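*Asks:* Here it is, the structure, as structure tokens.
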4 protein chains.
Amino acid sequence: MAGNTFGEVFKITTFGESHGVSVGVIVDGVTPGVEINEAYIQKQMDRRKPGQSSVTTPRKEYDVVHIQSGVFEGKTTGTPLFVVLQNHDMRPEAYSEIQDAFRPGHADFTYLEKYGIRDHRGSGRASGRETAARVAGGAIARKLLERRGVQVVAYTKEIGGIRCESFDEGVIEQNAVRACDPIAADKMIKKIEGLAEIGDSCGGIVECRIRGVVPGLGEPVFDKLDAELAKAMLSIGAVKGIEFGAGFEAATMLGSEHNDAMNSDGFLTNHSGGIIGGISTGQEIVFRISVKPTSSISVPQQTTNIKGEEQEIRTEGRHDPCICPRIVPVVEAMACLVLEDQYKRQAAMLG
Amino acid sequence: MAGNTFGEVFKITTFGESHGVSVGVIVDGVTPGVEINEAYIQKQMDRRKPGQSSVTTPRKEYDVVHIQSGVFEGKTTGTPLFVVLQNHDMRPEAYSEIQDAFRPGHADFTYLEKYGIRDHRGSGRASGRETAARVAGGAIARKLLERRGVQVVAYTKEIGGIRCESFDEGVIEQNAVRACDPIAADKMIKKIEGLAEIGDSCGGIVECRIRGVVPGLGEPVFDKLDAELAKAMLSIGAVKGIEFGAGFEAATMLGSEHNDAMNSDGFLTNHSGGIIGGISTGQEIVFRISVKPTSSISVPQQTTNIKGEEQEIRTEGRHDPCICPRIVPVVEAMACLVLEDQYKRQAAMLG
Amino acid sequence: MAGNTFGEVFKITTFGESHGVSVGVIVDGVTPGVEINEAYIQKQMDRRKPGQSSVTTPRKEYDVVHIQSGVFEGKTTGTPLFVVLQNHDMRPEAYSEIQDAFRPGHADFTYLEKYGIRDHRGSGRASGRETAARVAGGAIARKLLERRGVQVVAYTKEIGGIRCESFDEGVIEQNAVRACDPIAADKMIKKIEGLAEIGDSCGGIVECRIRGVVPGLGEPVFDKLDAELAKAMLSIGAVKGIEFGAGFEAATMLGSEHNDAMNSDGFLTNHSGGIIGGISTGQEIVFRISVKPTSSISVPQQTTNIKGEEQEIRTEGRHDPCICPRIVPVVEAMACLVLEDQYKRQAAMLG
Amino acid sequence: MAGNTFGEVFKITTFGESHGVSVGVIVDGVTPGVEINEAYIQKQMDRRKPGQSSVTTPRKEYDVVHIQSGVFEGKTTGTPLFVVLQNHDMRPEAYSEIQDAFRPGHADFTYLEKYGIRDHRGSGRASGRETAARVAGGAIARKLLERRGVQVVAYTKEIGGIRCESFDEGVIEQNAVRACDPIAADKMIKKIEGLAEIGDSCGGIVECRIRGVVPGLGEPVFDKLDAELAKAMLSIGAVKGIEFGAGFEAATMLGSEHNDAMNSDGFLTNHSGGIIGGISTGQEIVFRISVKPTSSISVPQQTTNIKGEEQEIRTEGRHDPCICPRIVPVVEAMACLVLEDQYKRQAAMLG
């Protein structure tokens, strides 16, 4: 079956293509009686929107939030909450010249193979535009998590080989790349600007830290907390990998190094990333994702088209040379969705 | 809700604890009319079982396969196929002395936090024993995939910092660590034997290659093929990370390097790992997982018990110093489950 | 978890309250490449809308269909199809005087008990208005079923004790009550008009016949075709019962009477209603539902309010004295949703 | 996808054919820490087993309950609870002579059409034997519901046209037909014995009353409490209809008659059957099901076989002339499964 629903108890179902009329989300399983308003969601939308700085695409997506159901007199009613975002920047003609070509790195070829038909306008459903609906849905989850004392913070850890050497949460939203180290941030911005000039792009690493989660979340054996987070993150277009805690470095460690010892104050280390046996330990949950370089570049590339003919292609247009800064709110949104769902699943088991 | 079912259309539901009477699996959604027998499943079980060599635990789990429903006169009937494996090596008394302590790296603490009750015998449901049911279910999926021409091969890529330098598929099942490079395999075995002597353990990296998959599998936007594989792999106890294709290296590449160009013969590279936009490209699917060092070690470690008292612990008993060799068939089983499910989901959409 | 999604493979998720901004539906799992347009859906919407005749409420719900995603150049793309219907007749003030009272027969009391909060405007989510989204989603299913040669026809069998004595499919859409017998239809209309004058209401029986279904649909043991149809029908607000084939009369028959014998031309009778063992036989599928009298009546009734005070209530306003004529397209829509889903589930199993 | 799992949060997955090695059930989502033992489940199994009296088949199915996982030291652990029942009365040869014929009223024809293959031994998966696993799973649900103060009681209301005129809950388990009126019970038994002599069978009506349910259960708009109960009941082999409260009689009532008025003590009537808008009112939940006459009769019947040849058939063997008495515990089991699931779904929403 099709895969446009995420979550089991707290769940979102999304729709919308890059250049359609709208994108939107139905959120089902919302706790009733919770105060929510459009401004709260809008704040998250604004973090994802393009055109925030010199390093992101100047395309204008207004992404004005409209709640059309599930809220009555400022409070959730427990019935489906529907949020719609009108598309205001539909310029499908910008894509007509490449409509038959398979852009390297894009899902043009695979979508056509899967469905036998393809909405070529701005990648259609495969566009990053789709994540706007995730952020809207994630904002509802974030609101519910706030009541539980849970905080989800993602940030850029590395871009184009430049790695943050320090961690200062306060600077994340203060720099254009959402890095946790202001000095590295400056270097990253220069790197991106340089790539933009030559029409190329680069990847990076985004880290996410989640605090305030109770011990005991996660549903073994298949729906473990890390398994669900991994699915959530890999479902984001540009993500190519994920690791928890020590992650791939765990492969080179000894058991006596990796095991997190405990004393009466709790765990002494957090190599596990806050999840053991697929269940939260109550420590900070930490994971990192690998973000591939933006596929849309104006450097000439070799490809074919739907007739099987070879051709050269340059993807002109307005694109982020590095997607990390804008993927940060999407990572947070997906993490929020997983967590709220797991809280409710735990409540279901015990209830 | 609880998470002991995996898959949407082709799905397995498992039960069983380490030291209970049995572990088993109900496989639902099986194509009817397919020849299947216990020997076929047994072959996969034997690859997972302990005691295969000097580098694995000498515990004897016979894991004799019994099909109790869903097969009639040697063929699947389309009704639920039930496979049960009796436990023959139940020695719960071996665990009584540590029943109140939280073994570092183990899920003792988190299970107790989640459920408020814990079967302490050999990790109970959190034991690797549980994966026997996955391998049994995965064998059914593998059988169905064979008819589609799909081959799934996993192997050890790295153990204790020793990395395979060559790839020879023919040697994988010929060495005790299931490495793809016989020279590295020898070094790995020596490394593991050395760690066994001092009661420590090590981690590693397992790689999986899947061939023969048609382009077009995967269910955007949330149930992408890589998202489902990521969930499947992270649901395996010791796995701490996953990466597809270029993976974490993609973070340091330029778009012009990472994008897989095409000519009339197809893709020129496979940095994507055979999946773009969450849909198979028809190329080889390639991913790697990070396996943490075995948690059970006899090196003394600091921990606490259920009364909050600090204590030192040494996990005696029979344990694999490195789980990579035995995780290989589990990785394959989970990959088979994801793929057969995705094939059937694609059939559902088009049907 | 909340229950606003229906179907497993072909599935709809709906939102919207009676007096909110809009109601709508996301249809996921749509076969790609199928021609669909708004006019096709509109036709079904118009059958459900109020104000069609003297026997239905004069409220105006324009129910103008807007497809906002999932269709490209007139064809489905396989991505989520979103249909929205703006509400144009929002007059919440009409309900303010009864906002604290529990209207007998309505879900006022139970919604408040469940959610602890209630959108009192025109029953909120519990309003029949919600079925507009079902009819829109069902129209997509109907389109796909047409390609399979399946026809779904529902009609009024009985209203206020007046029963159709003949069956003429051609007259169903020609009379205001959608009865299959024009003479009975006239009597029913008079009955309803009489009740409208005194502010009372009546119930009835709607029958549904489905032709052209292949043998073999239905998913034992729990998701049998009749089980899914029963759930679908009982999920419609006013439905209090369902029976298949001989139905409740089967309780008084002998096995030798009820069993449907076969000869080389097929079944000789259809007491089963076209479903045996939860699987379609290939015969006509026949079921009937019991529809309760409309709850909103202006006859004075005894009730209480949210403060526990007793009061008399008269539900003024514009309401159908009998809901049968307008429930007919909803029954058809739900039946279409079940069938298309079952066809796809069968394709999944065999695929 | 296949349909051998029931429930969303509290869910069962079953397997097993009439003449296979075993039937069984995995129960997932069980509240941890609850005392449960095999004797408790056995008690329900014994109510369902054949051979309880002169009016049921003398076949011996020992149905000895074995719990193989999910319980530790007498308490549930929150991990999957597996219950298996060995089949001890496998006599497939008894069916060899009719293996190619389609027995009227049985699912022989439809199973073959669906799966293309059929386990002909005693109806295979389509056998009533399958309900043993439901009763085992339902017993776990019943145990959890006891803690909530919920009581589920089903009984025979009518058999072969003989209707109970009184209701005495105390007599239900005291008579062979599980009727609520001892005088009617005697007549029913005579009726059944008479039919047994001539090799025919009859149907009946079973009623179910559920007490102690809190107001607020049910998940609109699709997973309403009555919708889920309807699905559950129609998923039982011989059931051909269901009605809640006034049921089909509601079709002939006026709104002023059917609406349940309220005063400060609560509802004055219960025409709704304890469910309004798909949500429990807190009143007694009441529904009735129509049970068709047993399909297996020794009266000669006309049918065809898999080669399309016409033939006469007499289903010899040991069969219940009326299935009502033995369907009673199955109805209760399914009702318990629905209710416990709904309680947990409500906890999830609020949690």
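*Asks:* Which one is farthest from residue B:318 (Cα to Cα) among residues in segment B:162-200 that are within 14 Å of another protein chain (Cβ to nearest Cβ) and surrounded by fewer than 15 Cβ atoms within 10 Å (Cβ to Cβ)?
*Replies:* Among them, the one singled out is B:194.
*Asks:* Residues in segment B:244-256 that are within 26 Å of the chain's Cα centre (by Cα) and either among the polar types (S, T, N, Q) or at the interface with another protein chain (Cβ under 7 Å from one of its Cβ atoms) (or both): how many?
*Replies:* So the count comes out to 6.
*Asks:* Could you look through segment C:31-75, keep only residues that are touching a Phe, Trp or Tyr at 6+ places or on another chain (Cβ under 9 Å) and among the polar types (S, T, N, Q), and pick out the one that is farthest from the other protein chains (Cβ to nearest Cβ)?
*Replies:* My answer is C:31.
*Asks:* Here is a further query. Restricting the search to segment D:115-131, which residues are among the basic types (Lys, Arg) and either crowded, with 24+ Cβ neighbours inside 10 Å or farther than 18 Å from residue B:68 by Cβ (or both)?
*Replies:* Those that are among the basic types (Lys, Arg) and either crowded, with 24+ Cβ neighbours inside 10 Å or farther than 18 Å from residue B:68 by Cβ (or both): D:118, D:125, D:129.
*Asks:* Given the criteria without any contact (Cβ under 8 Å) to a residue 40 or more places away in the chain and out of contact with any His (no Cβ under 6 Å at 6 or more places or on another chain), does residue B:207 qualify?
*Replies:* In short, no.
*Asks:* Across segment C:3-18, what is the number of residues that are part of a loop (DSSP other than H, G, I, E, B), at the interface with another protein chain (Cβ under 7 Å from one of its Cβ atoms) and buried (at least 24 other Cβ atoms within 10 Å of the Cβ)? Show your work before the answer.
*Replies:* The first filter runs over segment C:3-18 and keeps only residues part of a loop (DSSP other than H, G, I, E, B), leaving C:4, C:7-10, C:16-18.
Cutting the leftovers down to at the interface with another protein chain (Cβ under 7 Å from one of its Cβ atoms) gives us C:4, C:8-9, C:16-17.
Now drop any that are not buried (at least 24 other Cβ atoms within 10 Å of the Cβ), which leaves C:4, C:9, C:16-17.
Qualifying residue count for the region: 4.
*Asks:* Something else now. Filter segment B:316-343 down to residues that are surrounded by fewer than 23 Cβ atoms within 10 Å (Cβ to Cβ) and in contact with a strand residue (DSSP E or B) (Cβ under 8 Å, 6 or more places away or on another chain), then give me how many there are.
*Replies:* Adding up the residues that qualify gives 0.
*Asks:* Could you count how many residues in segment C:156-184 are closer than 20 Å to residue C:238 by Cβ and in a helix (DSSP H, G or I)?
*Replies:* The total comes to 1.
*Asks:* Filter segment A:244-253 for residues that are of a type outside the set (Val, Ile, Thr) and assigned to a helix (DSSP H, G or I); which is surrounded by the fewest Cβ atoms within 10 Å (Cβ to Cβ)?
*Replies:* Selected residue: A:249.
*Asks:* Shifting gears a bit: Looking at (1) in a strand (DSSP E or B); (2) more than 7 Å from chain A (Cβ to nearest Cβ); (3) more than 30 Å from residue A:304 (Cα to Cα); (4) touching a helix residue (DSSP H, G or I) at 6+ places or on another chain (Cβ under 8 Å), can you tell me which one residue B:207 breaks?
*Replies:* (4)
*Asks:* What number of residues within segment B:210-228 satisfy the criterion of being in a loop (DSSP other than H, G, I, E, B) and under 30 Å from residue A:192 (Cα atoms)?
*Replies:* Total satisfying the criteria: 3.
*Asks:* Right, another one. From the residues in segment D:19-33 that are more than 29 Å from residue B:112 (Cβ to Cβ) and part of a strand (DSSP E or B), which one is farthest from the chain's Cα centre (by Cα)?
*Replies:* So, considering only residues that are more than 29 Å from residue B:112 (Cβ to Cβ) and part of a strand (DSSP E or B), the one farthest from the chain's Cα centre (by Cα) is D:22.
*Asks:* Just give me the residues in segment B:324-351 being under 24 Å from residue B:18 (Cα atoms), of a type in the set (Val, Ile, Thr) and in contact with a helix residue (DSSP H, G or I) (Cβ under 7 Å, 6 or more places away or on another chain), in sequence order.
*Replies:* Hits for segment B:324-351 are B:330, B:331.
*Asks:* Restricting attention to segment A:84-101, which residues are more than 10 Å from every other protein chain (Cβ to nearest Cβ) and at pLDDT 85 or above?
*Replies:* A:85, A:100
*Asks:* Would you confirm, using the coordinates I've provided, whether residue D:289 is under 27 Å from residue A:79 (Cβ atoms) and surrounded by 24 or more Cβ atoms within 10 Å (Cβ to Cβ)?
*Replies:* Against the criterion (under 27 Å from residue A:79 (Cβ atoms) and surrounded by 24 or more Cβ atoms within 10 Å (Cβ to Cβ)), residue D:289 does not qualify.
*Asks:* Now a separate question. Name every residue in segment A:229-243 that is within 7 Å of chain B (Cβ to nearest Cβ) and part of a helix (DSSP H, G or I), in order of residue number.
*Replies:* Residues satisfying the conditions are A:230, A:231, A:234.
*Asks:* For residue C:71, all conditions in the list (1) at pLDDT below 90; (2) more than 26 Å from residue A:72 (Cα to Cα); (3) hydrophobic (A, V, I, L, M, F, W, C) hold save one; what is the number of the exception?
*Replies:* (1)
*Asks:* Looking at the structure I just gave you, is residue B:221 free of Cβ contacts under 8 Å to residues at least 60 places away in the same chain and surrounded by 24 or more Cβ atoms within 10 Å (Cβ to Cβ)?
*Replies:* yes
*Asks:* Considering segment C:19-30 alone, what residues qualify as being more than 7 Å from every other protein chain (Cβ to nearest Cβ) and surrounded by fewer than 24 Cβ atoms within 10 Å (Cβ to Cβ)?
*Replies:* C:19
The values are calculated or read from the model by the stated rules, or taken from the named source; none is laboratory data. Just so you know, these numbers come straight off a predicted model, no measurement behind them. Counting neighbours? That spans all protein chains shown, and the Cβs are built from the backbone with ideal geometry, glycine included.
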